[in-house]
Amino acid sequence: MRSIPITARGAEKLKAELQRLRSVDRPTVIQAIKEAREKGDLSENAEYDAARERQGFVEGRIQELEGKLSALQIIDPSTVDASGRVVFSATVELEDQVSGELVKYQIVGDDEADIKAGWVSVSSPIARALIGKSEGDIAIVVAPAGDREYSIVSVSYT
């Protein structure tokens, strides 16, 4: 199985979700199934069907997280020394070549991406355009709305 790059923050988030699923969601669903069974005929019991469907989702997500957690490669940005190049976990400040707008993104794993927080997925078009570039370089991001050019203002590993 290939390793999945993730920051320590992202790994903790996944572990917390798995713990919640196991200790809160799973018992809640089991209790809901038990209560629905006590109501009698299961063939026309919408509550039972909904609880079973929820159980399938919870169990599937638990399996998915267990598989991911075993394949994680946790990368601490503060230990990365890429000599000013953009790599996974780097924080990059960019200037839009057209508008002059400054934006700052950290390149993170797929499971922890949150554009509002400034975390972009390593597999996103912007991250793919930035990886390997250095401060002062121009990155061309191929986007559905058209190509965008960004100048890399700074690269940090914090």
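Close Lys pairs in the chain, defined as Cα atoms under 30 Å apart and 8 or more places apart or on different chains, number 14. Per-residue 3J(HN,Hα) values for the stretch 101-111, derived from phi via the Karplus relation 6.51 cos²θ - 1.76 cosθ + 1.60 with θ = phi - 60°, read 5, 9, 9, 10, 10, 10, 8, 10, x, 4, 6 Hz in sequence order (x marks Gly and Pro). Against the empirical curve 2.2 N^0.38 Å, the C-alpha radius of gyration of the stretch 77-156 lands at a ratio of 1.00. In order along the stretch 63-80, the phi-based Karplus estimate (6.51 cos²θ - 1.76 cosθ + 1.60, θ = phi - 60°) of 3J(HN,Hα) comes to 4, 4, 5, 4, x, 5, 4, 6, 10, 5, 10, 7, 10, 8, x, 6, 9, 7 Hz; Gly and Pro are listed as x.
Among beta bridges identified by DSSP and lying wholly in the stretch 23-158, the antiparallel ones come to about 85 percent.
Our estimate of slack between Val142 and Asp76, defined as 0.36 nm per intervening residue step minus the Cα-Cα distance, is 20.9 nm.
Once the Cβ-Cβ distance between Ser23 and Glu47 is put in as r, and R0 is 30 Å, what FRET efficiency do you end up with, to the nearest 0.05? Don't skip to the end; give the middle numbers.
On the way: r = 23 Å, r/R0 = 0.76.
Efficiency, rounded to the nearest 0.05: 0.85.
Using 0.36 nm per residue and subtracting the Cα-Cα separation, the extra length available between Glu38 and Asp114 on full extension is 23.1 nm.
Normalised by 2.2 N^0.38 Å, where N is the number of residues, the alpha-carbon radius of gyration of the chain equals 1.43.
Readers should treat all values here as calculations from the given coordinates under stated rules, not as data from a laboratory. In this text the structure is predicted, and so the values were computed from the model without any measurement. In this analysis, Cβ positions are derived from the backbone assuming ideal geometry, glycine residues included, and neighbour counts consider all displayed protein chains.
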